[in-house]
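The structure appears right after this line, and notes come after that.
The values are calculated or read from the model by the stated rules, or taken from the named source; none is laboratory data. Quick caveat: nothing in here was measured; it's all calculated off a predicted structure. Heads up, the Cβs are rebuilt from the backbone with ideal geometry, glycines too, and the neighbour counts pull from every protein chain shown.
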Amino acid sequence: MKHPWLRRVARVFVFLAAAVLLSILAFRFINPPLTPVMLVEKLKGATLRHEWVPLEDMSRQLPLAAISGEDGRFCAHWGVDWPAVKEAIEEGGGLGAFRGASTIPMQTAKNLYLWNGRSYVRKILEVPLAYLMSALWPKARMMEVYLNVAQFGPGVFGAEAASRYYFGKSAAELTRRETILLVAALPNPRFRNPARPNRRMLLVARAIERRLPIMIPRSVCLLPGP
């Protein structure tokens, strides 16, 4: 038998792919208990703060702010916003534009299955995962998982834990300004504090707020069905 190690590698790959697919199907209905990013934080000695809450138990402003700040075409694409990638490349972003044009499904894939840090390998893996999740999950479930596993600070995961940690209230009680500040922290949660925003963070928050009126009609996919 030629190259038996290739068969072993192929078997491992098929097993991992099947496990990921089954977990994506399961997470359509079951809340993920822990993510690799959370585990890494725990191993570093951080105190994990995380409490899962349904999307309907969060401020209605929060998913709007997330779309405005992180993924303006969330309701229109199915995993990857290729027009946004193209725009970023044309504006001089080069291949690094992929990072800047990361969608909510791509970020959810990273949080659930991959790791933090800049890596083209990770970005490439995010694409099929984002497409799979977008095909198997409703948009509202995607947003719910994203807002519950996103990192908002050192050891702080999910909107509920972030709301209580930074503002001393539940995610359902957040004001519009507080939801915007939480989203403004997402690109760099280890160094941005929503409760004490610096000048750079306030500029990001203002940009998110300016885009909010445009995002309201674009958020139709999050409305409850008939």
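Kindly indicate which of PHE27, PHE15 is without any contact (Cβ under 8 Å) to a residue 40 or more places away in the chain and among the hydrophobic types (A, V, I, L, M, F, W, C).
One residue alone meets the criteria, PHE15.
Given (1) in contact with a Lys or Arg (Cβ under 6 Å, 6 or more places away or on another chain); (2) of a type outside the set (Lys, Arg); (3) modelled with pLDDT of 95 or more, identify the lone condition not met by GLU126.
Condition not satisfied by GLU126: (3).
Hey, could you check segment 34-76 for residues that are without any contact (Cβ under 8 Å) to a residue 40 or more places away in the chain and under 23 Å from VAL127 (Cα atoms) and say which is surrounded by the fewest Cβ atoms within 10 Å (Cβ to Cβ)?
In this case the residue turns out to be LEU39.
Every residue in segment 8-62 that is part of a loop (DSSP other than H, G, I, E, B), modelled with pLDDT of 95 or more, out of contact with any helix residue (DSSP H, G or I) (no Cβ under 8 Å at 6 or more places or on another chain) and aliphatic (A, V, I, L, M), please.
Within segment 8-62, just ILE30 meets the criteria.
If I ask for residues that are part of a helix (DSSP H, G or I) and of a type in the set (A, V, I, L, M), which ones from segment 104-126 would you list?
Correct list: ILE104, MET106, ALA109, LEU112, VAL121, ILE124, LEU125.
Yes/no per residue for (1) closer than 22 Å to HIS50 by Cβ; (2) of a type outside the set (Ser, Thr, Tyr):
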residue	(1), (2)
TYR166	yes, no
THR179	yes, no
LEU182	yes, yes
LEU202	no, yes
ARG211	no, yes
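Quick one: how many residues across segment 63-97 are among the hydrophobic types (A, V, I, L, M, F, W, C), over 21 Å from VAL149 (Cβ atoms) and either assigned to a helix (DSSP H, G or I) or modelled with pLDDT of 95 or more (or both)?
7
Take the residues in segment 158-178 that are of a type outside the set (A, V, I, L, M, F, W, C) and assigned to a loop (DSSP other than H, G, I, E, B), then tell me which one is nearest to PRO32 (Cα to Cα).
GLY158
Six or more apart or on different chains, Cβ atoms under 8 Å: show the pairs whose first residue is in segment 121-145 and over 13 Å from LYS110 (Cβ atoms) and whose second is among the hydroxyl-bearing types (Ser, Thr, Tyr).
Qualifying pairs under 8 Å: MET142/THR108; MET142/SER134.
Return the pair list, or none, for Cβ contacts closer than 8 Å from residues in segment 168-185 that are among the β-branched types (Val, Ile, Thr) to residues that are not in a helix (DSSP H, G or I), at least 6 apart or on different chains.
Hits for this filter: THR175/SER59; THR179/SER59.
Pairs please, first residue from segment 195-207 and in contact (Cβ under 8 Å) with a residue 40 or more places away in the chain, second anywhere and of a type in the set (A, V, I, L, M), Cβ atoms under 8 Å, 6+ apart in sequence or on different chains.
Hits for this filter: VAL204/ALA184.
Can you spot a residue in segment 127-134 that is in a loop (DSSP other than H, G, I, E, B) and surrounded by 20 or more Cβ atoms within 10 Å (Cβ to Cβ)?
no
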